[in-house]
């Protein structure tokens with residue numbers, strides 16, 4: 001009887017995991033289909049949708065726009081987020097909880113509220129359609145991931161190591177650069193990866209701020225999905241899945257490295 | 001001699017920098033950035049609901065008498081509630097099994113959760129469109145198997161909204177549940193069984209109460225995210241599945257700021273209200289670390 005109950009439970013969990021994972025994979029065979037519209041299983045193999053994706057300016061321009069604004073947002077988020085994480089974990093100041101709530105709020109605030117809020121003010125300053133508006137907005141959405149990952153990494157640094165460096169004559173900056181920074185580097189990179197994925201996938205803000213001159217890849221896919229299901233989207237989706245999986249793998253390797261580098265005992 | 005030297009050196013080093021800034025100042029640039037480019041725009045838009053060259057409540061007044069608004073509010077709450085419930089029922093067994101298997105297997109199962117979790121919502125919604133369309137994979141399979149003659153209307157239905165939203169939000173339920181169940185002291189279950197509780201009794205009286213924080217955290221996350229959902233319901237829903245966020249977007253496109261901002265206040269208040277009730281239970285940090 002217990003084994004039967006166990007079997008039911010395990011197969012139920014397996015079914016749910018299949019429900020979670022398999023639909024994501026469905027787009028991959030579709031992207032290699034020779035059919036002009038959706039048919040499954042694909043009648044034949046073809047690379048035409050990838051050719052389409054890489055040869056049409058509407059797709060390549062959107063991809064470049066997404067890539068460079070996401071990279072710029074990530075750099076901005078790291079430059080602002082790493083010092084902020086240090087300030088929040090090491091500093092004690094009134095309103096610290098409030099500051100933390102402000103920094104984390106973009107993750108839980110409804111996307112539409114954030115998007116129209118930014119649009120409401122940015123439009124007044126003629127920022128709609130300017131890539132820099134996307135960079136700033138995506139950085140605000142991405143920065144929580146940097147702050148959280150770096151804070152977690154800082155929690156794993158034994159402060160006595162810094163104290164030792166200071167006692168041995170290092171300046172505070174020197175102690176940070178030579179002791180703390182190498183220890184939290186995996187956390188910074190992991191945060192940067194999650195920040196990049198967040199910025200790269202952002203759609204709602206792009207819907208309101210991109211105009212016609214700063215069209216990102218998600219915005220382009222959105223427009224296509226609303227009008228026709230051209231299998232080029234399947235090719236774009238497959239490329240996105242590959243990119244995400246690659247970046248996640250990188251983040252996982254970094255997480256393991258960070259775990260090994262802990263100088264304080266894990267909780 | 002050497003002792004005196006090692007004592008003097010850092011003191012000299014410290015004297016050469018007469019003041020040291022408190023580390024908390026390092027948070028200032030980010031806070032300033034967020035206040036200017038994020039909080040200020042958001043606050044001015046929300047303030048627009050009560051102030052426009054003078055105090056006004058015309059936006060809220062218009063909403064109160066607007067039957068469409070109340071219907072959409074009802075739809076939004078209902079969809080969010082159903083999605084949360086289904087996510088809990090589907091997510092709990094997964095989190096439970098993940099916490100009972102060996103850590104290598106658990107890590108592998110975690111990959112199956114995390115890859116969809118990080119895959120773009122657009123991609124996942126597109127996959128459901130490909131599956132549920134009139135000439136989609138599900139209909140083709142059903143016709144080929146002779147289950148139905150005519151393709152079923154699966155896309156642009158409430159069912160499609162539930163299915164796709166549960167798919168997108170399920171990881172937000174599994175991750176906090178798993179975090180709690182993994183840390184559970186399973187010897188308590190053995191003790192309960194040793195004292196004569198059946199497996200179901202042990203689950204109901206030991207595991208379930210101890211996993212309540214995880215249940216609360218997962219439900220808060222899924223419910224609040226579902227309340228503000230936009231992309232998925234627009235693409236797979238029908239005209240009668242309009243959610244609050246879709247109505248807000250529509251109003252902004254028509255530049256009806258009084259109503260749009262009032263509605264944004266309502267939506268944000270619902271989300272913040274749920275969070276304020278249960279915020280301390282939500283391990284937001286763990287979710288933001290990519291699920292670990």
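Since every read-out is calculated from the coordinates, none of them should be taken as a lab result. Values in this document were obtained by computation on a predicted structure and should not be read as measured data. Cβ coordinates were reconstructed from backbone atoms using ideal geometry, including for glycine residues, and neighbour counts include every protein chain displayed.
Pairing the Cα long axis of helix A:232-261 with the longest principal axis of chain A, what angle in degrees results, from 0 to 90 and rounded to the nearest 10?
20 degrees
Just checking the output field for B:164-170: average partner chain Cβ neighbours within 10 Å of each residue's Cβ?
On the way: counts 1, 0, 3, 4, 1, 0, 4.
Partner Cβ neighbours, averaged per residue: 2.
To test your reading of the geometry: what angle, between 0 and 90 degrees and rounded to tens, separates the Cα axis of helix A:111-122 from the longest principal axis of chain A?
80 degrees
Using the Kirkwood radius built from alpha carbon pairs, what does the Stokes-Einstein equation give as D for the protein assembly as shown at 10 °C and 1.306 mPa s, in µm² per second? Mind dumping the intermediate values first?
Working: Rh = 25.6 Å.
In µm²/s, the coefficient is 62.
Please compute the length gained on full extension between residue B:21 and residue B:186, using 0.36 nm multiplied by the number of residues separating them and subtracting their Cα-Cα distance. Numbers along the way, then the final one.
Details: separation 165, 0.36 × 165 = 59.40 nm, distance 4.78 nm.
Using 0.36 nm per residue and subtracting the Cα-Cα distance, I get 54.6 nm.
What FRET efficiency comes out for residue A:51 versus residue A:25 if R0 is 25 angstrom and r is the Cβ-Cβ distance? Round to the nearest 0.05. Show your work: numbers first, answer last.
Working: r = 22 Å, r/R0 = 0.88.
According to the calculation, E is roughly 0.70.
Find how many whole Å separate the alpha carbon centroid of the stretch A:170-243 from the alpha carbon centroid of the stretch A:69-126.
So the separation of the two Cα centres works out to 15 Å.
Given R₀ = 51 Å, FRET efficiency for residue B:212-residue B:57 by Cβ-Cβ distance, to 0.05? Can you show the working numbers first?
Details: r = 40 Å, r/R0 = 0.79.
Rounded to the nearest 0.05, the efficiency is 0.80.
Of A:35, A:214, A:153, which is the most mobile in a GNM of chain A whose springs link Cα atoms less than 10 angstrom apart?
Judging by the Gaussian network model, the answer is A:35.
What nm value, rounded to one decimal, do you get for the distance between residue B:47 and residue B:149 when each label is placed 7 Å out toward the C-beta?
Taking the two extended label points, one gets 6.6 nm.
Residue A:8 to residue A:226: extension gain in nm, 0.36 nm per residue of separation minus the Cα-Cα distance? List each step's numbers first, then the result.
Numbers: separation 218, 0.36 × 218 = 78.48 nm, distance 4.06 nm.
Computed gain between residue A:8 and residue A:226 is 74.4 nm.
Percent of Cα-Cα pairs more than 25 Å apart in the stretch B:64-288, please.
Details: 12811 of 25200 pairs.
When all Cα pairs of the stretch B:64-288 are counted, 51 percent exceed 25 Å.
Label residue A:176 and residue B:253 with points 7 Å out from Cα along Cα→Cβ: what is the distance between them in nm?
4.7 nm
Computed over the Cα atoms of the stretch A:179-267, what is the ratio Rg over Rh, Rh following Kirkwood?
Reported Rg/Rh, Kirkwood definition of Rh: 1.16.
Could you work out the relative contact order of chain A? I mean the mean sequence separation of Cα pairs under 8 Å and 6+ apart, divided by the number of residues, in percent. Can you show the working numbers first?
Working: 308 pairs, mean separation 78.6, N = 267.
Rounded, it is 29 percent for chain A.
Suppose R0 equals 25 Å; then what is the FRET efficiency for residue B:205 and residue B:269 from their Cβ-Cβ distance, rounded to the nearest 0.05?
E between residue B:205 and residue B:269, to the nearest 0.05, is 0.10.
In Å, what is the Rg of the alpha-carbon atoms in the stretch A:27-261, and how long is Dmax?
21.2, 72
Just checking the output field for B:231-241: average partner chain Cβ neighbours within 10 Å of each residue's Cβ? Can you show the working numbers first?
Working: counts 8, 0, 0, 3, 3, 0, 0, 0, 0, 0, 0.
Per residue, the number of nearby Cβ atoms from other chains is 1 on average.
Compare the peptides B:82-91, A:138-147 by average per-residue count of other Cβ atoms within 10 angstrom and give them in order, highest first. Don't jump to the answer; show the numbers that get you there.
Values: B:82-91: 20.7, A:138-147: 28.5.
Result, highest mean Cβ count within 10 Å first: A:138-147, B:82-91.
Roughly how crowded by other chains is peptide A:8-18, in terms of the mean Cβ count from those chains within 10 Å of each of its Cβ atoms?
On the way: counts 1, 4, 5, 2, 7, 13, 5, 3, 13, 11, 1.
Whole-number average of other-chain Cβ neighbours for A:8-18 is 6.
So for each of B:127-139, A:77-89 I average, over its residues, the number of other beta carbons within 10 Å; can you give me the resulting order with the highest mean first?
On the way: B:127-139: 21.1, A:77-89: 23.9.
Final packing ranking: A:77-89, B:127-139.
I want to make sure I understand the PRE zone here: with the label point 7 angstrom from the Cα of residue B:240 toward its beta carbon, which residues in the stretch B:130-157 have backbone N atoms less than 19 Å away?
B:152-157
Using mean Cβ contacts within 10 Å as the protection proxy, how do A:238-250, B:199-211, A:90-102 order, highest first? Could the numbers behind the result be given before it?
Numbers: A:238-250: 17.4, B:199-211: 15.2, A:90-102: 13.6.
Sorting A:238-250, B:199-211, A:90-102 by mean packing, highest first, produces A:238-250, B:199-211, A:90-102.
At 222 nm, what value in deg cm²/dmol follows for chain B if DSSP H runs of at least 4 each add -39500 (n - 2.57) and the sum is divided by all its residues, to the nearest 500? Working shown, then result.
Details: 16 runs with 202 residues, N = 292.
Estimated from H runs of four or more residues: -22000 deg cm²/dmol.
Using helices alone, what [θ] at 222 nm do you get for chain A, with -39,500 (n - 2.57) per DSSP H run of 4 or more residues, divided over all residues and rounded to the nearest 500?
Details: 12 runs with 203 residues, N = 267.
The per-residue figure over chain A is -25500 deg cm²/dmol.
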